[in-house]
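Enquirer: Before anything else, here's the structure in question.
Readers should treat all values here as calculations from the given coordinates under stated rules, not as data from a laboratory. Predicted model, so just to flag it, every value in this text is computed and none were measured. Glycine also receives a Cβ, built like all others from the backbone with ideal geometry; neighbour counts cover every protein chain displayed.
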Amino acid sequence: TPLYSSAASDVYKRQILLNSDMIEEGDILELPNGMIAEVFKTKIFHTELLDIAHNNRIMVRNTALRDHTLRNLSRFASNKGLRECLSFNIGYDTPAEAVEKLFNDVAALATEQRLPYEADHGMKAVLLETGDHALKWGLVFHTKSPARLIDLRRSINQLTQHLALKADINLATPLTHDVALHNSGAPPSISVTSTTPVSYTHLRAHETSLHL
């Protein structure tokens, strides 16, 4: 019957999970929806997970776990630990040297506060994207404490914001255009004026007007 077939599938896939040695009780998983959870107990038909962010238990069918791609944050590809990257949008007017100094200062303060990252490997600034309005910089670090990953991300974000304010570096996406609405009896028009040059384009947006 379909019910028996489904139950047999759950039992079979539980055995696959356990025998594959890829998931064990106590491991930290990142689910397809982004949730980070600890494997609490694997049973015949389902697995109990602890949602770390919300501090509650959830139940997932073994077939669902087996049929989706899971990131096991407890299994590292190297002895450095789990590699993490936090991204920040920073304007083109901020030189790379200033960004690197900011991230070095974040690493020093994180070490001073004993945050659970691998201080021996430091933190590294990498340029991820060159957008129209800002550069997306990545702050790369390693950790061997995946169960504390959520708090670690939040702490590093907070340190970065704090030190960026002191260094007069704006982490908000820069406003590169002013949009003004005019209504003086004539048909409405929109004027687009550039306030910050956009690198790599050689476009003069402040010479462009759109009339509707």
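Enquirer: List, please: which pairs have Cβ atoms under 9 Å, are six or more places apart or on different chains, and start with a residue in the stretch 147-159 that is of a type in the set (S, T, N, Q) and end with one that is assigned to a helix (DSSP H, G or I)?
Expert: Pairs found: Ser155/Ala110.
Enquirer: Moving to a separate point now. Strands (runs of 3 or more DSSP E) wholly in the stretch 81-165 with at least 2 residues that are closer than 26 Å to Asn55 by Cα - which ones?
Expert: By residue number, 82-90, 135-143.
Enquirer: What residue, among those in the stretch 32-41 that are surrounded by fewer than 18 Cβ atoms within 10 Å (Cβ to Cβ) and either in contact (Cβ under 8 Å) with a residue 12 or more places away in the chain or among the β-branched types (Val, Ile, Thr) (or both), is nearest to Leu70 (Cα to Cα)? Don't jump to the end; show me each part of the working.
Expert: Filtering the stretch 32-41 down to residues surrounded by fewer than 18 Cβ atoms within 10 Å (Cβ to Cβ) leaves 32-35, 40-41.
If we keep only those that are either in contact (Cβ under 8 Å) with a residue 12 or more places away in the chain or among the β-branched types (Val, Ile, Thr) (or both) too, we end up with 32, 35, 40-41.
Details: Pro32: 7, Met35: 11, Phe40: 16, Lys41: 17 Å.
Within the stretch 32-41, the match that is nearest to Leu70 (Cα to Cα) is Pro32.
Enquirer: A follow-up question, please. Based on what the data block shows, is Glu48 of a type outside the set (A, V, I, L, M), part of a helix (DSSP H, G or I) and without any contact (Cβ under 8 Å) to a residue 40 or more places away in the chain?
Expert: Numbers: of a type outside the set (A, V, I, L, M): yes; part of a helix (DSSP H, G or I): no; without any contact (Cβ under 8 Å) to a residue 40 or more places away in the chain: yes.
No, not satisfied.
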